[in-house]
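Below: the structure, in structure tokens.
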Amino acid sequence: MKRIILTVTGLVVTGLWVWLTCARPGGLNSLGAITSYRKGLLAHTDVVTPPAATLTHTGYEATIRLDSLHIPRIEAATTEAQGYALGYMHARERSFQMQLLASMVMGRLSEILGENGLESDREWKTFALEAKAEEVLAEVARTEPALYRYLVAYAAGVNAFLQQETPLQRDPLFMVWNYQPRTWKPAYSFLLQWYLSARLAYYDDYVNKQELLDKVSAAVRNTLYPETSAQTCFIIPGSTPAPAAQTKQPALAMFQKKTPNHYVAKTYNKSLGSNNWVAGKTHTANGKIYLCNDLHLLATAPALLYEVQMQTGNQLVHGFTIPGVPLVVSGYNRRIAWGITNAGWDITEQYLLRINPANANQYWYNNRWENFTTRSFTIQVKGKAPYTFTEQYTVTGRVVRKNNIVYALRWHAANSCGSLQALWNVMQAHDWSSFRQALHSYDYPAQNFVYADTEGHIGVLCAGKMPLKPAGYDGGMLDGTVPPVTGYIPFDSLPQSFDPAQDYVFSANQEPVRNGYYYSARWFDDLYRPKRIAQLLQQGKQLTWESMRRMQLDVQDEAVPELQQLVKKYLPEKEWPASWKSWMQWNGVVDAGNDTTLFYQCIRQAFKQTGKELAAALQVKQTPSFDQLVYYFEKGIPVKDGLPELAPGQVFTRLVHTADSLYAAAGKQARQPVMVLPQLTSLPGLNVEIAGVGGNDNTINVNSGAHAVIRTVIEIDATGIQGWMVNAGGQSGRINSTGYMQQLNDWKVNRLHTLPPPSATATDAAIIYLKK
Amino acid sequence: MKWYNYMMLVLLLTVLQLTLDNAMLAATLLLTGVLAGFVIPKAAYTHRIVLAAGLAAGLLAWLLIWQKNDSVYIISHNSLLSPGALVAVTVGVHLITLYTCVLIPAGIVRLWKTNTSSQKNSI
């Protein structure tokens, strides 16, 4: 009996272990394969290029010089060869990232991640963007043949590298996810535009906004949820706030006073924290223009952007590209420089539907019952049977049934793809006129472009395709029973300014202008960054390259003096503990790791909690933002809405107590805040941690969830343009590369680097010659 | 078992781990274990196989550090995993594979072989 038990136990243990090392859980490769000596994670090597390598039969000729930071300087005789070389480099450093993001947009993520990708695929597949990308490419071939040839050459470059590398030279994540890279098609570049649009301009807060409109009076909304204030610092110089919105009954009565709201909105982050500014020559000590840009994105390891310098004949362009797209999104050429921030315009629409009680397949539209149209989709899931599902559509969009609410979703970004064409022309622009002309085709995601040129001109243009909204629209649901408003804000009416009298321009995700058009209803959480930037740019003729560099690291929170005034206003007699006394004397510099910063963090958390309490008292889900609450306390108007009076004084006193409790509960760990950058596919153990960076949502240097993935300082005068840059994530996306997160320490102190022109002699780590 | 047979077993296990992956490795090790159960003399077979497996894993760890030092160092530099953790996880998986696929099958064979022999003797 003992022998049988021992035998069975032994067989079970052995079988279990064999299964554990051979099974492929959740789309991942097996433990045995990942730890294999021959082919596992540690067996993979970085792409090591000898000091001088020549690749023949490439179809194009180019020279790629790589410095120690893995930054390529590409010299080519034609733009096609330039595109080919960039494709080669993108594939070399970021092939997994490119494949992952393109697959996501095609609704093919499950082919890489297995069932982990199914939820994402169900969403993306319904937009049918894989086929749409091919249509856009065919259109580009007709309207912009040079760009078409460039994209084709780029794809050839990507594929040349993919074919050339051995399995052990490939990004080890391909092995970890047991996935073979698919051939890169020229149309895939367009997919990345949709990816960014989804990251930067896809909101899901309309039901909650509608609840607010339905349940809360205009007077209370103006007090607790204001959309503009006298402090608003618009992107377009000289703009002044329009009068407060007129009290008006909302068009849709979706919620009664006591109707509960069960809608669970997807989280979004409009205010990621990007900044750009141009200091005109009248503001600088040396009479030069400085254009600066820091792109704040949700932190991941690796980051999204890739630096490159390219020269074809006399044309030079230097800046940051998105792997998969061979175009510079922020940078300069020989005549102009440009930088971007996210505009956050409202390009998602949710149309409330009325379903036929007698027939669930019909909706009321234009005074009659219409049948839904249906489409079926199939998703290939790695290691599983294909997943098939059907979606219903109305004339306005896909039908979404969520938490007892039925609406049609219309995401305008899915309907066109003109930004690549715009960026292609921006790279070749030589003055404001050609720059502005280039941006005519720019659609999504809407961006605030700042501009400067060697002629001494500066400007700003908020570019994008902004759908027109019904009159009086205020950010809630739209009526799905009537035909939707069609059309877009004309290009000439988009917010733009050229050579403004103040001789500086800037943007920090804030409201662009009040010009009668609706852009968004989410502006009131970006007041303090613009205020700080404006303050620093108005220092007289003192700005230098060094002050620009330092400004990008600025962690001064302009809300602090206002809060200190509020404390004096509401609690003048209170006997304050040491934490408050020290904070009341504080200068508002949000350095990492000191006690006052931690205490302030607790105050900000108390604001969040207070916002939730106020929203609960009003029986709505949408909470007032930090900036809105500061405004509410400053105005000091009690909120009455058929509820017990919410006196600002009482609310503020409660907030102070909350802050004290949070501070008392904060442990030592909280004193050394660490920002965690999750690995691209959230693999445990492969995260990156950054400590000691400081900053918050109100400061130029934001480090809360998002961080400045890249920074640029570009110096411009009549003799030319020179750029200095840093890329937090480094150039390589490979975990086993020295280029991965390589510039993190430089980024923390904003140590920027510059590059010699591609043809100049320099100390290069490697040179790759592409030969026909 | 003579010392050179013992070394042959260590080498065999190491070579198997270096050259095979996953299911093929497990199957081959299982076969090795079963054969070892038949071949290795009755006395003290357990500690010899344990030692052989331990030595094979040690050899693998040394090879990992020596030959793949760059990968170990760079990946640990780029992540929260220390070089020690990376090597330990890799070697750990191989070591457990050796024990479960060689030692246990060999033990089971020995168990039944002993039983059969003793039954024959009693007859």
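Leaving ligands, DNA and RNA out of it, rank A:D591, A:D660 by accessible area with a 1.4 Å probe, largest first. It would help to have the intermediate numbers written out before the result.
Numbers: A:D591 75, A:D660 45 Å².
These residues rank, largest area first, as A:D591, A:D660.
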Practice prompt. Using only protein heavy atoms and a 1.4 Å probe, report how much of B:F38 is accessible, in Å² to the nearest 10.
Written response: 110 Å²
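Helix-only estimate, please: 222 nm mean residue ellipticity of the protein assembly as shown, summing -39500 (n - 2.57) across DSSP H runs of length 4 or more and dividing by its residues, to the nearest 500.
On the way: 28 runs with 351 residues, N = 895.
Helices in the protein assembly as shown give a 222 nm mean residue ellipticity of -12500 deg cm²/dmol.
As an exercise, use a Förster radius of 25 Å and the Cβ-Cβ distance of A:H657 and A:E634 to find the FRET efficiency, rounded to the nearest 0.05.
Working: r = 20 Å, r/R0 = 0.81.
It comes out at approximately 0.80.
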Worksheet item: Under a 5 Å amide H to amide H cut-off, with H placed in plane at 1.01 Å, what residues pair with A:H707 once short-range neighbours are removed?
Response: A:L297, A:A299
Worksheet item: Looking only at the range A:703-745, which residues have a backbone nitrogen under 15 Å from a spot 7 Å from the Cα of B:Y73 in the C-beta direction?
Response: A:736-739
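Mind checking the per residue accessible area of the range A:585-648 for me, 1.4 Å probe, whole number of Å²?
Details: 2740 Å² over 64 residues.
Solvent-accessible surface per residue comes out at 43 Å².
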Discussion item. Suppose the chain between A:W364 and A:N222 were pulled fully straight at 0.36 nm per residue; how much longer would it get relative to their current alpha carbon spacing?
Written reply: 47.8 nm
Worksheet item: For the residue pair B:L80 and A:V676, what label-to-label distance in nm results when each label sits 7 Å from Cα along the Cα-to-beta-carbon direction?
Response: 0.5 nm
Worksheet entry | Contour excess over end-to-end distance, with Cα ends at A:A617 and A:R401 and 0.36 nm allotted per residue | 75.0 nm
Discussion item. Binning at 10 angstrom from zero up to the longest distance, how are the C-alpha pair distances of the range A:463-527 distributed in percent?
Written reply: 17, 44, 29, 8, 2
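I need the per residue convex hull volume for chain A, using only the alpha carbons, in cubic angstrom as a whole number.
Numbers: hull volume 155.5 nm³, N = 772.
Dividing the Cα hull volume of chain A by its residues yields 201 Å³.
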Fill in: q = 0.22, 0.29 Å⁻¹: log10 I(q)/I(0) that the Debye formula gives for the range A:538-606, counting C-alpha atoms only
-0.97, -1.39
Fill in: Longest to shortest principal axis, alpha-carbon extents of the range A:376-423, angstrom
41, 33, 18
Worksheet, complete the sentence: Descending accessible area (1.4 Å probe), largest on the left, turns A:W586, A:W277, A:W364 into A:W364, A:W586, A:W277
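If you take the beta carbon distance between A:S376 and A:E119 as r and set R0 to 25 Å, what does 1/(1 + (r/R0)^6) give as a FRET efficiency, to the nearest 0.05?
Values: r = 18 Å, r/R0 = 0.73.
Efficiency for this residue pair is about 0.85.
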Worksheet item: Could you state the number of Å between the C-alpha centres of the range B:56-100 and the range A:533-547?
Response: 52 Å
Worksheet item: Residues of the range A:551-594 with amide nitrogen under 13 Å from the 7 Å Cα-to-Cβ point of A:A664?
Response: A:577
Discussion item. Using only the heavy atoms of the protein chains and a 1.4 Å probe, how would A:I637, A:I700 rank by accessible area, largest first?
Written reply: A:I637, A:I700
Worksheet item: Using a basic spin-label model with each label point 7 Å from the Cα along Cα→Cβ, how many nm lie between A:D479 and A:I355?
Response: 2.2 nm
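With every protein chain present, what is the per residue accessible area of the range A:87-229 (1.4 Å probe, Å²)? Each step should come with its number before you reach the end.
Working: 4160 Å² over 143 residues.
For the range A:87-229, the solvent-accessible area averages 29 Å² per residue.
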Worksheet item: Comparing the chain by itself with all protein chains present, which residues of the range B:50-86 are at least 20 Å² less accessible (probe 1.4 Å)?
Response: B:L64, B:K68, B:S71, B:I74, B:I75, B:N78, B:S79, B:L80, B:L81, B:L86
Practice prompt. Quick one: which residues, 5 or more positions from A:M477 or on another chain, have an amide H under 5 Å from its amide H? H modelled 1.01 Å from N in the peptide plane, none for Pro or chain starts.
Written response: A:Q210
Discussion item. Need the C-alpha centroid separation for the range A:204-227 versus the range A:702-716, integer Å.
Written reply: 33 Å
Discussion item. For A:V325, what residues show an amide H to amide H distance below 5 Å, using hydrogens built from the backbone and excluding near sequence neighbours?
Written reply: none
Response to the item:
Beyond 25 Å, the calculated P(r) of the range A:276-392 holds a percent of Cα-Cα pairs equal to 61 percent
Worksheet item: Between the range A:674-696 and the range A:561-620, how many Å separate their Cα centres?
Response: 27 Å
Worksheet entry | When each of A:K469/A:K531; A:K132/A:K621; A:K541/A:K574 is checked by Cα-Cα distance, pairs over 32 Å | A:K132/A:K621; A:K541/A:K574
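Could you calculate the contour length gain from A:K2 to A:Q538, that is, 0.36 nm times the residue separation minus the distance between their Cα atoms, to one decimal place in nm?
Length difference between fully extended and current span is 184.2 nm.
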Worksheet item: Which lysines have a Cα lying under 16 Å from the Cα of A:K640, excluding residues fewer than 8 positions away in the same chain?
Response: A:K215, A:K257
Worksheet item: In Å², nearest 100, what accessible area do chains B and A bury in total when the solvent probe is 1.4 Å?
Response: 3100 Å²
Practice prompt. Please turn the phi angles of the range A:391-403 into ³J(HN,Hα) values with the Karplus equation 6.51 cos²θ - 1.76 cosθ + 1.60 (θ = phi - 60°), one per residue in order, whole Hz, x for glycine and proline.
Written response: 10, 9, 9, 10, 5, 9, x, 6, 7, 10, 10, 8, 6
Worksheet item: At a Förster radius of 30 Å, what calculated FRET efficiency corresponds to the Cβ-Cβ distance of B:I96 and A:Y387, to the nearest 0.05?
Response: 0.30
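Hey, any idea what % of the protein assembly as shown's accessible area is carbon plus sulfur with a 1.4 Å probe? If you can, show how the numbers build up before the last one.
Values: 20360 of 35730 Å².
Roughly 57 percent, rounded to a whole number.
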Worksheet item: Scattering from the C-alpha atoms of the range A:344-421 alone, worked out with Debye: what is log10 I(q)/I(0) at q = 0.25 1/Å?
Response: -1.16
Discussion item. Under a crude label model (7 Å from the Cα following the beta-carbon direction), how far is A:D499 from A:T259 in nanometres?
Written reply: 5.5 nm
Worksheet entry | Accessible-area value, A:V140, 1.4 Å probe, nucleic acids and ligands omitted, Å² | 10 Å²
Worksheet item: Using 17 Å as the cut-off for backbone N distance, which residues of the range A:73-88 belong to the label zone defined by a point 7 Å from the Cα of A:A52 along Cα→Cβ?
Response: A:75
Discussion item. Given bins 5 angstrom wide, list per bin the percent of all Cα-Cα distances in the range A:587-740, short to long.
Written reply: 2, 7, 12, 15, 14, 12, 12, 9, 7, 5, 3, 2, 0, 0
Worksheet entry | ³J(HN,Hα), Karplus 6.51/-1.76/1.60, whole Hz, each residue of the range A:656-661, x for Gly, Pro | 4, 5, 4, 4, 4, 5
Worksheet item: What percent of all Cα-Cα pairs in the range A:423-481 falls in each 5 Å bin, counting up from 0?
Response: 4, 15, 23, 17, 12, 8, 8, 7, 4, 1, 0
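The values are calculated or read from the model by the stated rules, or taken from the named source; none is laboratory data. Because the structure is a prediction, the values reported are computed rather than measured. For neighbour counting, all protein chains shown are included, and Cβ atoms are generated from backbone atoms with ideal geometry for every residue, glycine included. We work out accessible area using only protein heavy atoms, side chains counted, and drop any ligands, DNA or RNA first. Shrake-Rupley method; radii C 1.70, N 1.55, O 1.52, S 1.80 Å.
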